[in-house]
Amino acid sequence: MLLLHCPLLLLLLPLSSRPQKLPTRDEELFQMQIRDKAFFHDSSVIPDGAEISSYLFRDTPKRYFFVVEEDNTPLAVTVTPCDAPLEWKLSVQELPEEASGEGSGEPEPLEQQKQQITSEEGTELFSYKGNDVEYFMSSSSPSGLYQLDLLSTEKDTHFKVYATTTPESDQPYPELPYDPRIDVTSLGRTTVTLAWKPSPTASLLKQPIQYCIVINKEHNFKSLCAVEAKLSSDDAFMMAPKPGLDFSPFDFAHFGFPSDYNSGKERGFLKPSPKFGRQTSSKPRVDLHKVCIGNKNIFTVSDLKPDTQYYFDMFAVNVNTNMSTAYVGTFARTKEEAKQKTVELKDGKVTDVFIKRKGTKFLRFAPVSSHQKVTFSVHSCLDAVQIQVKRDGKLLLSQNIEGVRQFQIRGKAKAKYLIRLKGSKKGASMLKILATTRPNKQSFPSLPEDTRIKAFDKLRTCSSVTVAWLGTQERNKFCIYKREVDDNYNEEQKRREQNQCLGPDTRKKSEKVLCKYFHSQNIQKAVTTETIRGLQPGKSYLLDVYVIGHGGHSVKYQSKLVKTRKFC
């Protein structure tokens, strides 16, 4: 195949009455030319063995040329529509073997040569209309001037063209396996696991292949070119996840609750550190995401919405040529969210609630009498919990809470309150909640903002430690407990034991140090100290302070790890 712009082609046509053979492809020159991207930019020349990208304006045809100089030449032409259907036609016409000029040896005028070659209608070899990746292939093509005419009647669009006279040796597109379908091997409420057979280009020819997955909620895509045309430039490419990890492209609010990526196992989901994409203010984000995952052939997508249909496409990409082949796409609907049983809250009664990791619980409070205010008291025993309160469908409150919190909401006759609790991403959540229309009903003790226990290092001895903690203006009962722990006891172990809802009744009597009542009208002076004696030299102890409210419910301060001096 000869790579020529039409005027350049005409200049190289026979300039005498004697036929002149057109040169064959100079491989060294060709490789130099395809490295120079500007050589083919906005040109009518199709290079031999390299894919070109171009643009069509709607209803404006575009024509490309190439020459096959010898009969019986193998030929393959592939056209890839990107974001709109195309009409394209491949035709050939014979090249003139002699110049005119009545044997004078004088060259024909350029315009006459151009008219002679292009005015005649060539022989149509192939035509197609649609948005599939389509190709023409022949093992024995005639010599001549080949014309590729393209037209988009729907909209302005991108497209790609690849042509070669050596299709057997080039093989730039990854080959599909005998079964090119994507299988859905596992389906959950928020996860879909996909599997596919590897490309023979990777398994047999040992060429570097990576797989790129595309997920969206609209339709399947027939080419990676179509995907990249839809994506913004910021989202067009992804870094491959670390080995053994998958990657979730659904870390966006419009796909459900926003979530941070955490490392996980292949089936549970993947999530490496880089965020998927970057939000731009100038372009609206589309619900379309692409991630390239290396050469593995199983992948779990998670953080999907329940009861939602998603479309999945897989593309094998030749790393050397950056050219791709589409597997047969699939779609799947995630399972429905399990219907939550709504827990009824009784006025003035504390209810214990357990929530699975990232789970949700619904509670309902329907006061039987008229009321001016409703007070919600919540004690989160472990990590932070998100609470939302709606009154007759109207959102009144949405907050993250830790420790003990109290909210007052204006009442309304015959109103019904729906409370939605969402658990932590770190682990299971436990909490106690009380709803009441009686303003003086308070089961949980009040707490200072800082619930840490401070130890005085200079007051440490071989048998005692001195600690302090903050109180409030409300008179409460405080009980302090100690427990000897190993020297290798660390902060992680301490964190796992921070269930604030476990009261003194769960402790051994031998661990109790003392109980006392304490408060101060001056909040600045609401500090108490205590010296714990009878300890062993060089030993580590875990100290806990419990504050017990009038209703008998207790809240534990943050535990404190202390160590006595070994030598005194």
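Taking every DSSP beta bridge that has both ends in segment 298-397, the antiparallel portion is near 75%. If you roll a 1.4 Å probe over the heavy atoms of the protein chains, what accessible area per residue do you get for segment 453-563, in Å²? The answer is 55 Å² per residue. Computed from point charges on the beta carbon alone (+1 for Lys and Arg, -1 for Asp and Glu), the dipole magnitude for segment 343-436 about its Cα centre is near 320 Debye.
Would you please put 550-560, 517-527 in order of how densely packed they are, using the mean number of other Cβ atoms within 10 angstrom per residue and starting with the highest?
Numbers: 550-560: 18.5, 517-527: 11.8.
Put in order of decreasing packing, that is 550-560, 517-527.
The apolar share of the surface of segment 296-353, taken as the fraction of accessible area on carbon and sulfur atoms (1.4 Å probe, ligands and nucleic acids excluded), comes to 48 percent. Measuring r between the beta carbons of GLN93 and LYS206 and using R0 = 45 Å, the FRET efficiency lands at 0.60.
Along segment 318-326 the Karplus relation, 6.51 cos²θ - 1.76 cosθ + 1.60 evaluated at θ = phi - 60°, assigns HN-Hα couplings of 6, 5, 6, 9, 6, 9, 10, 10, 8 Hz to successive residues, with x for each Gly and Pro. Pairs from the table (LYS373/LYS416; LYS432/LYS556; LYS339/LYS432; LYS361/LYS560) lying more than 24 angstrom apart at Cα are LYS361/LYS560. Ignoring ligands, DNA and RNA, what percent of the accessible area of segment 467-568 is carbon or sulfur (1.4 Å)? Roughly 45 percent of what the probe reaches on segment 467-568 is carbon or sulfur.
A dipole drawn for segment 453-563 from +1 and -1 charges on Cβ atoms has a positive end, and of ASN488, VAL527, VAL545 the residue lying farthest that way is VAL527.
Average accessible surface for segment 331-406: 60 Å² per residue, computed with a 1.4 Å probe over protein heavy atoms with every protein chain in place. Enclosing the Cα atoms of segment 431-488 in their convex hull gives a volume equal to 161 cubic angstrom per residue. With R₀ fixed at 51 Å, the C-beta to C-beta distance from ASN322 to GLN406 puts the FRET efficiency at about 0.25. Applying D = kT/(6 pi eta Rh) to segment 343-436, where Rh is the Kirkwood radius over alpha-carbon pairs, T corresponds to 25 °C and eta to 0.890 mPa s, the Stokes-Einstein value obtained is 186 µm²/s.
The values are calculated or read from the model by the stated rules, or taken from the named source; none is laboratory data. Quantities reported herein were computed from a predicted structural model and do not represent experimental measurements. We place every Cβ from the backbone using ideal geometry, glycine too, and count neighbours over all the protein chains shown. Keep in mind that these areas ignore ligands, DNA and RNA; they rest on the heavy atoms of the full protein, side chains included. Shrake-Rupley method; radii C 1.70, N 1.55, O 1.52, S 1.80 Å.
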